[in-house]
Structures are given as structure tokens and as C-alpha cells.
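The values are calculated or read from the model by the stated rules, or taken from the named source; none is laboratory data. All of these numbers come straight from a predicted model, not from anything done at the bench. In this analysis, Cβ positions are derived from the backbone assuming ideal geometry, glycine residues included, and neighbour counts consider all displayed protein chains. Side chains included, ligands, DNA and RNA excluded: accessible areas come from the protein's heavy atoms. Shrake-Rupley method; radii C 1.70, N 1.55, O 1.52, S 1.80 Å.
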Amino acid sequence: MNILVINCGSSSLKYQLINSETGDVLAKGLCERIGIDGSCLTHTPAGKDKVVIKEEMPDHNKAVKMVIDALTDENHGVVKSLSEIGAVGHRVVHGGEKFNKAVLIDEGVLKDIEELSSLAPLHNPANIIGINACKENMPTTPQVAVFDTAFHQTMPKKAYLYGLPYEYYEKYKVRRYGFHGTSHDFVSKHAAEMIGKDRKDLKIIVCHLGNGASVSAVKNGECVDTSMGLTPLEGLMMGTRSGDMDPAIMEYICKQENLTASEMNTVLNKKSGVYGLSNYTSSDFRDLGEAAEAGNTYAKDALDTYSYRVAKYIGAYMMAMGGVDIIAFTAGIGENNYQVRRGVCDYLEGMGIAIDDEKLKIRGEDLIVSKEGSKIQVMIVPTNEELAIAQQTLALL
Ligand code: ADP
């Protein structure tokens, strides 16, 4: 069955049409600047050149119409009609405590996602707009919500509670939720398959290192801890997000720089992480690597701090699970960036895990990089969140 996977932001919409049996991507694309002047759709059919369609998209409804037109177009389309799209799988960021797996969307589910918007004010409303636009344009096609938080719902209380007044949890649901769940689920499953085992019998640490980054501890197939929290700001230092820090820094800097709490929140989300720490050199790890090699000490410090923090989480999760069988690197940096992987593996070697440095340099493919005979397997496992969403959508139908 062909499944349309939708990842909707407030002014953008990414899509992939996937044959869920073979995993083949038939076409993918991106609508940009929805509701802003100069909107455009970039559509790439498999094996063909991309097509850029510049047309105003005043809202997401128009964007979805254009996506359907592109997918069914005589020249650059990949299906004859809408009837060849069996279902739509939507990436939904926050499922709160309500959703521990993907669900078929009905009015009740939509209402629940809306109610969870207070926990993800930037994301859930955009996801709802995407769902409604698809419902409008494809009224008879089943729509499925796949939540970023769902995989982490198996965490025990001791992992998800914060050291705050309990009433905040009861009144406002302040707790750790975790994100990138679809990726942690997909990668932990696939990592186990790579050594011919079932993840039910393994302890796995997944390091999802992209612009946003998180680590998870997956024990016997279930997530038992993860580094992101109520929001994606907690945990690892990221491209532009601070990750863990002393919460008292908030008030201190607000006073020093005369900022409001909301302005400080923007600093922590958009101007911090390796970007801020490298003295605004870049949030992109390729730039940082080049800058560090050219002698930029801010960039070098940012990279060192980044790897150190990933290693610290690995150590913590080994303790949480009573050991580890597999440590998997994934996402843009985890799959491609030798410097960061090398930095983290230095700490692993300090614990006696032997790494094949030549393999560690290889980019973007399934690969075991620990040396043969190693008790702990270190791996590179490219993630594929869209395929995972398509598979979960299919499973529900
Ligand atoms: P997002 O969270 O936006 O999906 P990605 O998973 O695409 O992020 O990761 C983006 C990061 O991956 C960037 O910092 C980028 O520098 C890094 N990256 C991507 N490709 C490479 C590469 N070939 N070499 C080194 N770093 C890379």
C-alpha cells in the first residue's frame, strides 16, 4: 500500500509517498513559506529531476492540494489518482500521557491532540492544521497520527518525574516525555536485527544526533529513559539548544541582560548549543569541524563539550540498565560525522571497548564499528523516521 507521510510545521509541509511493503520512496517534497509571500513546492519523484512549483499557498489546505496535484501529475506524478494512496501517516510531536502508540485519527483524537497543545505550542497546532488539510482534500482516506513521544511512554516513574513539587505533575503534567521516539524505536529494533537478535533480549543505547539530539535507554525492547524532557530543550547540548544546565542561570541572565523569561527561552532554544558556545561560528557540525581544524578554539571547545556530554549520557544509561549490549549512533551527525563519533568513542575506548577507526570514518550506512569479539557492539544505524511512520500506519490498518 502507498502511504503518504506528512510532517507539518507552521509554515512548511514535508511529505514522502512510500510503498510500505517495499519501503521504496516514490516521491518526496517540501512546501515552504506557507502563508508567507513567495511560497513554493519542491517535488522530487524517485529517479527523476526535482520540480519546483512557485505558486502562492495562503494556507495548508492549498499546500496539500498542490502536493496531491504533484503526486498525480501526468509528467512528474507517481500515481494515477488519489485512490492509489491508501492512508496518510502524520508525524505528531506531542502525545502526552494519552498516547503510547500510533492511532487512527477521529474527532476524539483530534480533540486530544488539541488539548495537548499547551505542552507543545509550536508543534501540535501545526500538526492539527496538516491533519485537517488532508481530511479536507482526502475525506475517505484513513489518517493516522504517529507521536514523537509515544515510544517513551514505557519509562518508569523514577525516570520521568522531576524533583519539583508533585502538584506540578498532577496539575500541569510537568514530567519527562522525550521526543524522537519514532527514531529511537526504529533504530533500536534495526540495531538488534543487525546482530541477528531480538531487542527484547538486549540493552541498547540509541544516540540520535541531529540538529535536535537525544539519547535513549532501551531495555528488553522498551524505553526506560531518554534525555529530552517536557520539551526538546533538555538533555544533550544540540545545534542551537542548550540542553542540561543549572536552571538558576535563567533568572541570572534575565537580570544581567534585561531579558524576559520568554526572550531567555528563545536564547536557550535558538542561540545556545554548539552555535552559542562556538561564539556563533555555526550550528552545523560540518562548519564547526572545518573551523576547529583551522584553529578556531571556540569551535573546538564546542565539539569537545558536545562529545563529552554524549559520553556522559551513555555512562548514565549503562547504569540505568545495568549494562549495555549495543550503542547505536544515528541521525545527521551520528550517521556522518567522524569527529563527533571519534570524540565519543575515545571515552568508550577508555572503558575497554575496542573501536575500528577505519570503519568509524565510513558515512551513512549500517555498520558495526566496534572490533570483532567486542562484548559491547558500537554501531552506525541510519534512521528512517518516514519509513517508520509508514510502517506504523500500515500496521494500524
Ligand atoms: P534534523 O534534526 O534537522 O533532522 P539532521 O539529522 O539532518 O538534523 O542533522 C543535521 C546535522 O548533521 C548538521 O549539524 C550537519 O552538519 C550534520 N551532517 C549532515 N551530513 C554530514 C556530513 N556529511 N558530515 C558531517 N556532518 C554532517
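Results, tabulated for the structure shown:
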quantity	calculated
The range 144-170, residues that are over 25 Å from Met319 (Cβ atoms), buried (at least 20 other Cβ atoms within 10 Å of the Cβ) and of a type outside the set (Asp, Glu)	Val144, Ala145, Val146, Phe147, Ala150
Tally, over the range 72-108, of residues that are of a type outside the set (Lys, Arg), under 22 Å from the mean Cα position of the chain (by Cα) and over 30 Å from Ile53 (Cβ atoms)	9
Extreme residue, nearest to the chain's Cα centre (by Cα), among residues of the range 299-309 that are touching a residue at least 60 places away in the same chain (Cβ under 8 Å) and surrounded by fewer than 24 Cβ atoms within 10 Å (Cβ to Cβ)	Arg309
The range 353-370: number of residues that are charged (D, E, K, R), away from the ligand (no atom under 16 Å from the Cβ), more than 17 Å from Val187 (Cβ to Cβ) and in contact with a helix residue (DSSP H, G or I) (Cβ under 8 Å, 6 or more places away or on another chain)	1
Glu386 of a type in the set (D, E, K, R) and either closer than 17 Å to Ser216 by Cα or buried (at least 20 other Cβ atoms within 10 Å of the Cβ) (or both)	yes
Test: Tyr317 is modelled with pLDDT of 95 or more, of a type in the set (Ser, Thr, Tyr), away from the ligand (no atom under 16 Å from the Cβ) and in contact with an Asp or Glu (Cβ under 9 Å, 6 or more places away or on another chain)	yes
Hits in the range 295-315 - residues which are among the aliphatic types (A, V, I, L, M) and more than 11 Å from Ser278 (Cβ to Cβ)	Val310, Ala311, Ile314
Elements of type strands (runs of 3 or more DSSP E) in the range 199-291, at least 3 residues being within 16 Å of the ligand (Cβ to nearest atom) and within 24 Å of Val174 (Cα to Cα)	213-219
Extreme residue, least open to solvent (accessible area, probe 1.4 Å), among residues of the range 171-229 that are of a type in the set (Asp, Glu) and over 28 Å from His123 (Cα atoms)	Asp198
Selection count where residues are touching a Lys or Arg at 6+ places or on another chain (Cβ under 9 Å), open to solvent by 10 Å² or more (accessible area, probe 1.4 Å) and more than 16 Å from the ligand (Cβ to nearest atom), scope the range 321-352	6
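Listed here are the residues, each with its yes/no results for (1) outside any loop (DSSP other than H, G, I, E, B); (2) small (Gly, Ala, Ser); (3) open to solvent by less than 80 Å² (accessible area, probe 1.4 Å).
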{"site": "Gly29", "(1), (2), (3)": "yes, yes, yes"}
{"site": "Val52", "(1), (2), (3)": "yes, no, yes"}
{"site": "Asn75", "(1), (2), (3)": "no, no, no"}
{"site": "Phe99", "(1), (2), (3)": "no, no, yes"}
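To keep it simple, each residue is scored yes or no on (1) open to solvent by less than 50 Å² (accessible area, probe 1.4 Å); (2) outside any strand (DSSP E or B).
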residue: Asn61; (1), (2): yes, yes
residue: Arg91; (1), (2): no, no
residue: Val109; (1), (2): yes, yes
residue: Pro121; (1), (2): no, yes
